[in-house]
Amino acid sequence: MQLFLGEINENSFIHRLDPRIKLLWLMGNLSFVLFLQESRILLFSLVLVFFTNKLAGIPFRRLNILIKILLVLGIQIIILQALLYHHGAVVGKFLGLKVYMGGILLGIHSFLILVNLAMFSLQFTMWTSPEDLTLLLTKFHLPSRYAVLVGLALRFLPIMEKDLAAIYESQQSRGLELNTFFQKVKGLMPIMLPLILRALKRGNEVALSMELKGYTFHDQRTFLRSIAFSKLDYCAGVIICSYFGLVLYLI
């Protein structure tokens, strides 16, 4: 379980960028994935995700869990499309149903879209700290009481991951086989209930603590720091906009 845990070089120049620049990068790439949907763009975007993560000092092993989950979903998508989309040559049979090449290609294409959307979204959360995300939302004039909640939700993710690892170990000590990835997927049912109960209990404790401290007593909220563009942000913004313009020009 190393999707949110583990060592990350948060002093990299990408982590130091203004969150608005990171949001520009995210929205631009998601727009390419959703509206262009060309196979060459999808493949290039996927390579770009891993390259930029390398620049940010995020090791590849941090994405292992997400990649395994996406592979399981991708196999299901490809099988369903191959059976339900009757287009192209018949390449075989599966459970007595014909498998079509057009469906396989469509399934692979849909899988690439899903992987890109998941990777770019996760990349943004790994690049942006909860505090920066809160400041970003307040910069967009979202009421502070709601902006802070988004940051709190992100802070819960590493804690929930620790809880999930602890529950896995507890269930293994009780004899539940959870050695392989498929065994872990199969054992999600007896694991999710205690995880949800822990999350609800912790959320209730945090809500009670914030209420006792008068969290919503004042409409306006102050922060220890603010976000502002630096020379690095302007340079990164120019590079990102130039990249988007170049891609549109080539297409």
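The values are calculated or read from the model by the stated rules, or taken from the named source; none is laboratory data. Keep in mind that this is a model prediction, so the values were computed, not measured. Note that each Cβ is placed from the backbone with ideal geometry, even for glycine, and that neighbours are counted across all protein chains shown.
Tell me yes or no: at least one residue of segment 120-128 is modelled with pLDDT under 85 and among the β-branched types (Val, Ile, Thr).
If we filter segment 120-128 for residues that are modelled with pLDDT under 85, which is where we start, we get none.
Scanning segment 120-128 turns up no residue that is modelled with pLDDT under 85 and among the β-branched types (Val, Ile, Thr).
Would a scan of segment 62-85 turn up a residue that is free of Cβ contacts under 8 Å to residues at least 24 places away in the same chain, assigned by TED's automatic domain parsing to the domain that holds residue 43 and under 14 Å from the mean Cα position of the chain (by Cα)?
Residues of segment 62-85 free of Cβ contacts under 8 Å to residues at least 24 places away in the same chain: 67, 69, 71, 75-76, 83-85.
With assigned by TED's automatic domain parsing to the domain that holds residue 43 added as a condition, the list becomes 67, 69, 71, 75-76, 83-85.
Next cut, under 14 Å from the mean Cα position of the chain (by Cα) only: 67, 69.
Among the residues of segment 62-85, at least one is free of Cβ contacts under 8 Å to residues at least 24 places away in the same chain, assigned by TED's automatic domain parsing to the domain that holds residue 43 and under 14 Å from the mean Cα position of the chain (by Cα), which makes the answer yes.
Before we move on, is residue 35 without any contact (Cβ under 8 Å) to a residue 24 or more places away in the chain, of a type in the set (Phe, Trp, Tyr) and farther than 20 Å from residue 128 by Cα? Before you say what the answer is, go through the steps one by one.
Numbers: without any contact (Cβ under 8 Å) to a residue 24 or more places away in the chain: yes; of a type in the set (Phe, Trp, Tyr): yes; farther than 20 Å from residue 128 by Cα: yes.
In short, yes.
What tally of residues in segment 51-67 results from selecting those that are surrounded by 15 or more Cβ atoms within 10 Å (Cβ to Cβ), at pLDDT 85 or above and in a helix (DSSP H, G or I)?
2
Restricting to segment 107-161, what's the tally of residues that are in the same structural domain as residue 37 (by TED's automatic domain parsing) and farther than 22 Å from residue 16 by Cβ?
12
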